[in-house]
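Below you'll find the structure, written out as structure tokens, and then a few comments.
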Amino acid sequence: MRFHLTSEQVAIQDAVRGTLAECWGMERLHRFADGADDFDADSWQALMALGIGGLALPEAQGGAGLGLLDAALVCEMLGAACAPGPVIGQILGAIAVANCANPATRELLGAIAAGDKVVTLALGSDLVQSARAADLFVADDGAGGLHLVEAGDGVEIETLSATDRSRPVSRVRFGTVTAHPLYPAGDPMVQRLTDAALVLIAADSLGGAQHCTDLSVDYAKTREQFGQPIGRFQGLKHQLAHMALDVEPARALVWYAAYAWDAGLSDAARAAAQAKAHLGEVYTRTTRAAIAAHGGIGYTWEYGLNYWFRRSVFNRAWLGSPAQHRARAAELAGW
């Protein structure tokens, strides 16, 4: 039994990390956050060129033939870089369309896998990422079913000033729209897709928490006070150790939840709920601790830690709070 990533999985993360390092640095993040757009076309095209849109699709359908675990590894890198765009929606949109029974809907699969049609999630809330740039919305119908809604007439979008400046959201309402049926109420795939979304949000949170921990450790090694690096001070050592001990065990929780989803294990839904609940809290705790570890500079806009903190707040609430998912995990366990 393997408990580590394969060389291919390490290569996937390296490719995403390298691509984001080239197209999405802090200066670019500042410009995006200060602007009015909710989508960055350059970084999107660079990521889609790696095949991320079709990552979890079978090779026969134009995908990479990989699974949710590999998608989670990608989302870790997105969270670490505070990358923009509805990548989670794109990955899940491709999975949803590939497995639906509607032939007309499946005709959209090629454009989704290539990233030519941008897909975002409109599940459980009217707050939607990159809504103004989206071509398609994976939306619930309020009665337990899922549809793929086309952008255009009948889709009302209200721009908001949101907490997460890396992935701006808008309020979206659907009137009379062009919608492609995906799954009716009661179809097991509806909950399965929701569980997959929980795992990928948790993976994004894991990547962000790890980045903030690494950034704090590096800062403690270089920032000096009283003629020595602040990392030598016992109080800060303890704080950094607590951050690491919070983040590292959470990695296994996320990876197992993704593996359980791929393997169709009986506890997959419970593992997804646990991962989402725990990583939502780990991420917010870690970003707060990182800001404190940096002292005054951590609170400045220019340094940028606020982006990860803001993202952690959104991830914590997206598709349900930690309390909601812990209650669901307990119910699934029969407690």
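The values are calculated or read from the model by the stated rules, or taken from the named source; none is laboratory data. Because the structure is a prediction, the values reported are computed rather than measured. Virtual Cβ from ideal backbone geometry, glycine too; neighbours counted across all protein chains shown. SASA here: full protein model, heavy atoms, side chains in, ligands and nucleic acids out. Shrake-Rupley method; radii C 1.70, N 1.55, O 1.52, S 1.80 Å.
Here is how the numbers come out for the structure above:
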| item | result |
| --- | --- |
| Centre separation in Å (Cα based) which lies between region 59-90 and region 17-40 | 18 |
| Solvent-accessible area of CYS23 with every protein chain in place, 1.4 Å probe, in Å² to the nearest 10 | 20 |
| Extension reserve of the ALA185-ASP267 stretch, reckoned as 0.36 nm per residue once the Cα distance is removed | 27.3 nm |
| Solvent-accessible area of MET77 with every protein chain in place, 1.4 Å probe, in Å² to the nearest 10 | 20 |
| Placed amide H near HIS180: partners under 5 Å, 5+ positions off or other chain | LEU148, VAL149, GLU150 |
| Of PHE226, SER216, ALA203, farthest towards positive along the dipole that unit charges on Lys, Arg, Asp, Glu beta carbons give region 195-238 | PHE226 |
| Most to least accessible of SER321, SER216 (protein chains only, probe 1.4 Å) | SER321, SER216 |
| Lys/Arg +1, Asp/Glu -1 at C-beta; the chain dipole; positive extreme among VAL190, LEU319, ASN102 | LEU319 |
| Within region 201-247, chymotrypsin sites (Phe, Trp or Tyr not before Pro) in DSSP loop having at most 12 other beta-carbon neighbours inside 10 Å | PHE226 |
| Candidate residues THR222, THR105: accessible-area rank, largest first, probe 1.4 Å | THR222, THR105 |
| Of ASP140, ASP116, ASP153, the one that fluctuates the most in a GNM where the chain has Cα springs shorter than 10 Å | ASP153 |
| Stretchable slack from ALA327 to GLU22, in nm (0.36 nm times residue separation minus alpha-carbon distance) | 105.6 nm |
| 27 Å Cα-Cα reach of LYS221 towards lysines, excluding residues that sit fewer than 8 places from it in its own chain | LYS237 |
| Sequence of LEU123, LEU265, LEU200 from largest to smallest accessible area, 1.4 Å probe | LEU265, LEU123, LEU200 |
| Using a Förster distance of 45 Å, the FRET efficiency for LEU50-ASP153 (Cβ separation, nearest 0.05) | 0.85 |
| Solvent-accessible surface (1.4 angstrom probe) belonging to PHE314, in square angstrom, nearest 10 | 40 |
| In region 14-71, the GluC sites (Glu not before Pro) that fall in loop regions by DSSP, at most 12 other Cβ within 10 Å | none |
| Stretch gain in nm, segment ARG132-ARG223, where the contour uses 0.36 nm per residue and the Cα spacing is subtracted | 28.6 nm |
| Dipole magnitude of region 179-290, debye to nearest 20 (Cβ charges: Lys/Arg +1, Asp/Glu -1, about Cα centre) | 400 |
